[in-house]
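Structure first, then comments.
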Ligand SMILES: [Zn+2]
């Protein structure tokens with residue numbers, strides 16, 4: 001059994017606000033660093049959310065998760081987690097598929113212990129298969145994962161992320177379809193979608209249409225509790241190349257903030273800029289002034 005998720009946990013996430021998250025401990029975190037020190041530094045900077053980056057591997061120390069949970073609650077910092085990159089729920093290789101599910105379950109389990117609200121995952125590579133076939137494979141794997149999740153770590157959300165490359169599973173339609181089927185919500189990475197469609201999804205009109213689609217699939221209340229990613233991004237014919245600082249990119253980030261504020265979107269917007277807290281604070285301060 002997982003230790004009590006107390007009312008502070010619930011309070012952190014039920015309020016209808018948008019929090020801007022740093023992706024990992026801030027660059028300015030004093031040594032020796034680590035998540036607990038990172039939380040303190042985020043607080044000192046005025047940042048109220050953090051995505052913990054378990055992209056290489058998932059930690060196993062349960063005591064450490066309890067420390068993260070109590071520190072984040074004490075500081076009032078909302079948490080999300082990024083699951084490992086080494087995942088492919090569309091793998092034809094049974095051992096690779098099993099390892100992928102295991103990594104996701106490990107991330108969900110530890111995230112729940114750390115008091116995180118949602119875990120984002122790069123679900124799959126298409127491997128040249130038809131989209132319907134890929135969808136079926138991912139769907140079957142997600143069903144398996146959720147069977148165990150609902151039993152062992154029921155609070156944390158499994159968020160399939162919208163992805164930036166054509167070779168990856170994760171259009172908005174795909175992640176919303178899985179989401180509505182299983183009662184989970186996706187991680188909407190606006191930068192990935194912008195890159196995937198070579199510069200589109202960069203205007204108020206397109207973001208509003210995207211949020212309409214989200215609302216239609218998951219309901220109006222779902223807009224109050226979103227898991228989002230954003231940054232500048234470089235892209236080519238096959239989609240995403242690399243993340244960029246907002247001011248060095250073509251992102252119309254002020255317009256996105258305007259849309260989010262006007263529609264009163266709540267939840268966590270994780271800024272995946274290479275300059276970390278600098279861009280988180282740029283987003284946060286601009287949003288507050290709108
Ligand atoms: Zn990601």
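The values are calculated or read from the model by the stated rules, or taken from the named source; none is laboratory data. The model shown is predicted, which means the values in this text are computed figures rather than measured ones. We place every Cβ from the backbone using ideal geometry, glycine too, and count neighbours over all the protein chains shown.
One table, with the values for the structure above:
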{"read-out": "Matching entry among 209, 191 (being in a helix (DSSP H, G or I), away from the ligand (no atom under 16 Å from the Cβ) and either without any contact (Cβ under 8 Å) to a residue 12 or more places away in the chain or buried (at least 17 other Cβ atoms within 10 Å of the Cβ) (or both))", "value": "209"}
{"read-out": "Members of segment 219-249 found to be more than 24 Å from residue 16 (Cβ to Cβ) and in a helix (DSSP H, G or I), listed by number", "value": "246, 247, 248"}
{"read-out": "Filtered residues of segment 222-232 (kept if more than 12 Å from the ligand (Cβ to nearest atom) and either in contact with a helix residue (DSSP H, G or I) (Cβ under 6 Å, 6 or more places away or on another chain) or at pLDDT below 95 (or both))", "value": "223, 232"}
{"read-out": "Residue that is surrounded by the fewest Cβ atoms within 10 Å (Cβ to Cβ), among those in segment 37-81 that are more than 21 Å from residue 279 (Cβ to Cβ), more than 16 Å from the ligand (Cβ to nearest atom) and within 20 Å of the chain's Cα centre (by Cα)", "value": "76"}
{"read-out": "Residue identified as surrounded by fewer than 23 Cβ atoms within 10 Å (Cβ to Cβ), on the phi > 0 side of the Ramachandran plot and more than 18 Å from the chain's Cα centre (by Cα) among 239, 183", "value": "239"}
{"read-out": "Count of segment 111-126 residues which are in contact with a strand residue (DSSP E or B) (Cβ under 7 Å, 6 or more places away or on another chain), more than 17 Å from residue 146 (Cβ to Cβ) and outside any loop (DSSP other than H, G, I, E, B)", "value": "2"}
{"read-out": "Single condition residue 84 does not satisfy, out of (1) over 23 Å from residue 186 (Cβ atoms); (2) under 16 Å from the mean Cα position of the chain (by Cα)", "value": "(1)"}
{"read-out": "Options 160, 146; residue that is free of Cβ contacts under 8 Å to residues at least 40 places away in the same chain and more than 17 Å from residue 94 (Cβ to Cβ)", "value": "146"}
{"read-out": "Qualifying residue in segment 103-121 (condition: free of Cβ contacts under 8 Å to residues at least 12 places away in the same chain and either away from the ligand (no atom under 16 Å from the Cβ) or under 13 Å from the mean Cα position of the chain (by Cα) (or both))", "value": "no"}
{"read-out": "Failed item, numbered, when residue 161 is tested on (1) more than 24 Å from residue 139 (Cα to Cα); (2) within 16 Å of the ligand (Cβ to nearest atom)", "value": "(1)"}
{"read-out": "Check on residue 199, more than 16 Å from the ligand (Cβ to nearest atom) and either in contact with a helix residue (DSSP H, G or I) (Cβ under 6 Å, 6 or more places away or on another chain) or under 22 Å from residue 23 (Cα atoms) (or both)", "value": "no"}
{"read-out": "Odd one out for residue 148 among (1) closer than 20 Å to residue 226 by Cβ; (2) touching a helix residue (DSSP H, G or I) at 6+ places or on another chain (Cβ under 7 Å); (3) in a helix (DSSP H, G or I)", "value": "(1)"}
